[in-house]
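Okay, structure first, notes after.
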Amino acid sequence: MKYVIGNWKSNQNLTESLIWVDGIDAIKPHFSPDVSVILCLPFTDIAGFNHKLSDLKIPILTGAQNVSHLPPGKHTGEITANMLGELVNYCLVGHSERRRDFNETSQMVAEKAGFLLGNSITPIICLDLPYLDEQIKELFQQNIDVSRCIFVYEPIAAIGTGHPIDPIDANHVANQISFLIDNAAPILYGGSVSADNVKSFVDQSRIDGVLVGADSLEPTLFAGIINCLAEK
Ligand code: 13P
């Protein structure tokens, strides 16, 4: 199975997200049974977006971009894995932007993964070299079943720059991650992925797909990436 996962970050209100669905519906990309297409949305978009996808029978799955590291209770403003369980099948955790802007630690990321798995949501765990070993060690320490997760190598220098890293280097790190998790889960690459370069990544031996930021916001660009994978 190959994966195309979009991450809208803090973009698109509900109205804009529904216009995006109309855009995809008009383009009709090639949805292959061998390619899982997932879009990670702002919390506020998810319910309405799911509804519209189902009305138009568009085979895109949805994910959240974050979840609380705390259980349900007196934590004003937090969105728990239990709340997300009714809405999504996937959730990003440990994105470098959250580590940078919200001081998220490897311990919190592992706690989030635990709550997600407990609510049948697949954690999509983002990694970069400075904390890759520490993060994976923490997952094992907290008894997280890594075979039920998806991992993404996202080198921070390649995010939002238009300059992805060399696919051979990305594959090297994917192999490193694979070794640490005993080859148990899919491993993706993220960082300035576009329709022009996506094939060079998924052609690598240990890269199972891509996590796409900017080019997931525009239906034409995202459909281009989906088509590249479907035609492989
Ligand atoms: P860009 O594709 O915009 O570089 O973003 C990558 C990313 O951070 C996805 O999570």
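Structure values in brief
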read-out: Cα pair distances in the stretch 160-230, grouped into 10 Å bins until the bin that holds the longest one, percent each; value: 21, 51, 24, 3
read-out: Two-site label geometry, Glu134 and Thr105: point separation in nm, points 7 Å out along Cα→Cβ; value: 1.0
read-out: Heavy-atom accessible surface of the stretch 1-76: percent carbon and sulfur, 1.4 Å; value: 57
read-out: Estimated FRET transfer efficiency when R0 is 25 angstrom, pair Glu16-Ser200 (beta carbons, to 0.05); value: 0.20
read-out: Value in Å of the Kirkwood radius, where the stretch 1-107 supplies the Cα pairs that are averaged; value: 15.0
read-out: For the chain: Kirkwood Rh in Å [reciprocal of mean 1/r, alpha carbons]; value: 17.7
read-out: Rounded percent of accessible protein surface that carbon and sulfur make up, the stretch 121-201, 1.4 Å probe; value: 51
read-out: The stretch 1-158: relative contact order in percent, alpha carbon pairs under 8 Å with at least 6 residues between; value: 18
read-out: Relative contact order for the stretch 103-232, counting Cα pairs under 8 Å that sit 6 or more residues apart, in percent; value: 20
read-out: Per residue accessible area in Å² of the stretch 131-232, where ligands, DNA and RNA are left out and the probe is 1.4 Å; value: 44
read-out: Approximate shape of the stretch 1-52 as ellipsoid semi-axes (Cα gyration tensor, √5λ), whole Å, largest first; value: 20, 14, 9
read-out: Where only C-alpha atoms are counted, convex hull volume of the stretch 98-232 per residue in Å³; value: 117
read-out: Förster radius 25 Å - calculated FRET efficiency between Leu61 and Asn143, Cβ distance, rounded to 0.05; value: 0.40
read-out: Per-residue ³J(HN,Hα) for the stretch 17-22, Karplus 6.51 cos²θ - 1.76 cosθ + 1.60, θ = phi - 60°, Hz, x for Gly and Pro; value: 5, 6, 5, 4, 4, 4
read-out: Distance-filtered residues of the stretch 101-124 - backbone nitrogen under 15 Å, label point 7 angstrom along Asn82 Cα→Cβ; value: 115-120
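The values are calculated or read from the model by the stated rules, or taken from the named source; none is laboratory data. None of these values were measured; they are calculated from a predicted model. Virtual Cβ from ideal backbone geometry, glycine too; neighbours counted across all protein chains shown. When the accessible area is computed, the model is the full protein with side chains, heavy atoms only, and any ligands, DNA or RNA have been set aside. Shrake-Rupley method; radii C 1.70, N 1.55, O 1.52, S 1.80 Å.
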